[in-house]
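The values are calculated or read from the model by the stated rules, or taken from the named source; none is laboratory data. Computed from a predicted model, the values in this text were never measured in an experiment. Cβ coordinates were reconstructed from backbone atoms using ideal geometry, including for glycine residues, and neighbour counts include every protein chain displayed.
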Amino acid sequence: MITLIGNLKGGTGKSTITFNLALWVATRHNRHVVVYDLDPQATTVDAFEIRQEEGFLPAIDPVTSVASLGSDDANSEVLVDMGLADMAAVETAISKADRIVVPVAPSQADVWSTQRFLKMIADIRSGKPVEILGIINRADTHHAVRETGEAAEAMQMLGGIQLLEPRLYMRTTYRRSFSEGLAVFEMEPRSKAALELDALGRALYPV
């Protein structure tokens with residue numbers, strides 16, 4: 001299955017989710033994983049390079065060209081970190097995706113960006129259906145802050161996208177995972193971040 005992690009807005013956590021989810025699928029779901037990093041910033045590539053330098057397993061070498069997307073082993077789980085610099089690559093990734101996961105930060109700007117992204121998907125797919133799933137990322141940890149709940153309500157009102165129940169919250173553990181080349185559940189197995197990622201993994205890859 002090809003799962004595209006994408007949105008039109010920067011800073012939504014596409015690379016964070018791709019990196020951590022890929023390792024979750026490989027180690028907790030016991031599936032072979034192929035990762036595509038189509039973002040010129042190559043954040044996902046950098047994180048996996050650090051992982052290889054430290055000798056952590058499993059080692060994953062991300063693909064940086066969209067040319068081979070769709071030709072991977074049928075038994076592999078494919079995760080694509082979408083970039084925006086190469087629109088031809090974006091269109092190819094969207095057209096070949098089996099499902100699209102849209103990270104949304106709790107802000108009105110992110111909701112508007114998601115609306116535009118849904119329209120882009122519809123235009124590129126030209127009527128070919130695809131499952132589109134939203135995930136609230138970088139949610140506020142303080143319950144008194146209203147933006148997260150408001151963003152979730154706004155997302156539920158959008159057509160053509162299903163909002164997943166699991167949320168990823170604003171935690172330093174996610175930022176540290178990149179610099180250490182470890183998924184949050186490897187770095188801090190009992191942390192709240194590890195529990196959140198596990199819930200997301202189970203929602204996307206049920207047994």
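Annotations for the structure displayed:
- Annotation: Gly70 fulfils all but one of (1) of a type outside the set (Lys, Arg); (2) closer than 18 Å to Phe19 by Cα; (3) out of contact with any strand residue (DSSP E or B) (no Cβ under 6 Å at 6 or more places or on another chain); (4) modelled with pLDDT under 95; the unmet one is (2).
- Condition broken by Ser68, with the remaining ones in (1) within 17 Å of Phe178 (Cβ to Cβ); (2) surrounded by fewer than 15 Cβ atoms within 10 Å (Cβ to Cβ) satisfied: (1)
- Taking segment 25-47 as the range and being at pLDDT 95 or above and among the charged types (D, E, K, R) as the test, the residues that pass are Asp37, Asp46.
- Within segment 25-65, the residues that satisfy the criterion of being crowded, with 19+ Cβ neighbours inside 10 Å, more than 21 Å from Ala194 (Cβ to Cβ) and touching a helix residue (DSSP H, G or I) at 6+ places or on another chain (Cβ under 8 Å) are Tyr36, Asp37, Leu38, Asp39, Pro62.
- Identity of the residue in segment 77-128, among the acidic types (Asp, Glu) and closer than 19 Å to Thr64 by Cβ, that ends up modelled with the lowest pLDDT: Asp86
- Inter-residue pairs, beta-carbon under 7 Å, first hydroxyl-bearing (Ser, Thr, Tyr) and in segment 196-207, second surrounded by 14 or more Cβ atoms within 10 Å (Cβ to Cβ) and at pLDDT 95 or above, 6+ apart: Tyr205/Val25
- Residues satisfying the stated conditions in segment 110-134, i.e. more than 13 Å from Leu158 (Cα to Cα) and either surrounded by 19 or more Cβ atoms within 10 Å (Cβ to Cβ) or acidic (Asp, Glu) (or both): Ile121, Asp123, Glu131
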